[in-house]
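Reading through the structure tokens given below for one structure.
Throughout, read-outs are computed from the coordinates displayed, never taken from laboratory work. Here the structure is a predicted model, which means the values were calculated and not measured.
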Amino acid sequence: MVAESSSIKAEESANIAEAVKGVNPTATELQVLEDGSIVVAFLDETVGVIATEKAIKKATKESSA
């Protein structure tokens, strides 16, 4: 969850990266882009991109960022 999906804060980016690393233990490099998409590199030198809408959700009044 993020406060504003169009401009992700550094703390939010770190939380996103940590969550993605948790489900992708073979990831060697991870980059959260400003738009919320995530670029993941793996040991076998393949690279994957996780689209913004798959990676983040905007916080609502009922939830916190």
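Per-structure values
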item: Interchain or long-range residues, amide H under 5 Å from Lys58's placed H; result: Val2
item: Built amide H within the under 5 Å cut-off of Ser37, gap 5+; result: Thr52
